[in-house]
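Step one of this worksheet: look at the structure below.
The values are calculated or read from the model by the stated rules, or taken from the named source; none is laboratory data. None of the values given here were measured: they were computed from a predicted structure. Ideal geometry is used to build each Cβ from the backbone, glycine not excepted, and the neighbour counts take in all protein chains shown. Accessible surface areas use protein heavy atoms only, side chains included; no ligands, DNA or RNA. Shrake-Rupley method; radii C 1.70, N 1.55, O 1.52, S 1.80 Å.
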Amino acid sequence: MGKWRLFRVSLVLGSVFMILLIILYWDDVGASHLYLPPLSPRPAPHHPPTHPSFLSDINAFVNQFLEGTNDPTDSAPPDSANQSEHAEERYVPRREWKVHLTPIDPEKRLGQERRRQRLHDLCHHGDDLAFPGKNRSFDDIPNRELDHLIVDDRHGIIYCYVPKVACSNWKRVMIVLSESLLQEGVPYRDPLAVPQEMVHNSSLHFTFNKFWKRYGKFSRHLMKVKLQKYTKFLFVRDPFVRLISAYRNKFEQPNDEFYRRFALLMLRRYGNHSEPPAAVGDAFPAGIRPSFSEFVQYLLDPQTESDAPFNEHWRQVYRLCHPCQIQYDFVGQLETVEEDAEQLLRVLKVDNVVDFPSSPRNHTASSWQEDWFSRVPLVARRDLYRLYEPDFRLFGYSRPDALLD
């Protein structure tokens, strides 16, 4: 009996040692095979392996152990709403990559280098720019604040979405690339075909804050590996114009959720309405809604954030995407979204898989700022700029002197 117990203890210790060896190997080698190569029906030229087959096998094992990567021949997860019961063939997920024979325009490449360099300089050398969380490490960021980082393991992409900065269309693109939504067993190929009610469905987007539930104690380590190996991007916008857009979308149009959560409070605190209508359907016909000036008062009121953090539609980008802790590979701007999107899809090598949806030019224009801020007191404008100054400076937007001087 003693020998049998000794054998069992030796077996357990040996297993633990092998797991530690695998983890140490992961740290040393990284994730050179973090996502599988593209599957294609066309024959590919043979290339000799860059690593011995044993190392490739270990990498594949660690990938599957830590990431939960499905075998490429596994059927895609069913779409309960649209799954066909008579599908004749099992769908096989694809990883398609495009090789470009011509380089990206040097001027465009240089523009991206400037944007990234600006972030680096202000985050690490800009002593005159201070804001909460600037100097903390990635490990110091609470899990709940990582909910805007969408991961596509299929193509090695991380997208930090910023509401009111074309995020609906970029989420559509991410759904198409990750093949997270099926229609009758087949993934969507056209981003605009994705149903509107599904675009912001959190179950379709695998975000960093969900890692802990899937990977447990490995979650932070795996986040760092993906941040190191994947292509990371975000899109930004003039901060004041983004605020105007958020106000127009959430408070000038009937939106019962935002009326109940935010507008009622603004009307009571700043609009001299002690008993405003309880529902937006009663308030709007009576001409009762918060003004843009009252919205600004709400943002500047210290009581607002003591009650709860800013809603994502007006929360600062530096708080959503953590540009001082995450080294982004591509920083797009809404003002040049079509040009930047074309360049980004080439960088990601997926421009043969998906196109960025073009939309009518109905964006809130920067030229409207003076009209919108005309009833906002000068002191409040300056306080608002200080509140959003990190976003202005980090992402290269000029100080709106005409509004502040």
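How large is the accessible surface per residue of segment 229-384, computed with a 1.4 Å probe and reported in Å² as a whole number?
Heavy-atom SASA per residue in segment 229-384 reads 45 Å².
The string of couplings for segment 209-222 from the Karplus curve (6.51, -1.76, 1.60, θ = phi - 60°) is 5, 8, 4, 4, 5, 8, 10, x, 5, 7, 4, 5, 4, 5 Hz, one whole number per residue in order, with x for Gly and Pro. Taking a Cβ cut-off of under 13 Å around PRO390, the surrounding Lys, Arg, Asp and Glu residues balance to a net charge of +4, with basic ones at +1 and acidic ones at -1. What is the calculated FRET efficiency for ARG399 to GLN196, with r their C-beta to C-beta distance and R₀ = 35 Å, to the nearest 0.05? Working from the Cβ atoms, E equals 0.45. Once both labels are positioned 7 Å from their Cα atoms along Cα-to-Cβ, the gap between GLU184 and ARG375 label points is 5.2 nm. Phi angles across segment 102-114 convert, under the Karplus curve 6.51 cos²θ - 1.76 cosθ + 1.60 with θ = phi - 60°, into 3J(HN,Hα) values of 10, x, 5, 3, x, 5, 5, 4, 5, x, 5, 4, 5 Hz, Gly and Pro given as x. Close amide H pairs (under 5 Å, H built 1.01 Å from N) link GLN183 with TYR188, residues at least 5 positions away or on another chain.
Suppose R0 equals 56 Å; then what is the FRET efficiency for ASN249 and SER15 from their Cβ-Cβ distance, rounded to the nearest 0.05? After rounding to 0.05, the efficiency reads 0.55. Take the Cβ atoms of ALA279 and ARG114, set R0 to 45 Å, and the FRET efficiency comes out at 0.40. Size descriptor for segment 114-177, Kirkwood hydrodynamic radius: 14.2 Å (Cα pairs only, one decimal). Could I get the Rg over Rh figure for segment 263-405? Both from C-alpha atoms, Rh via Kirkwood, rounded to two places. Result for segment 263-405 is an Rg/Rh of 1.03.
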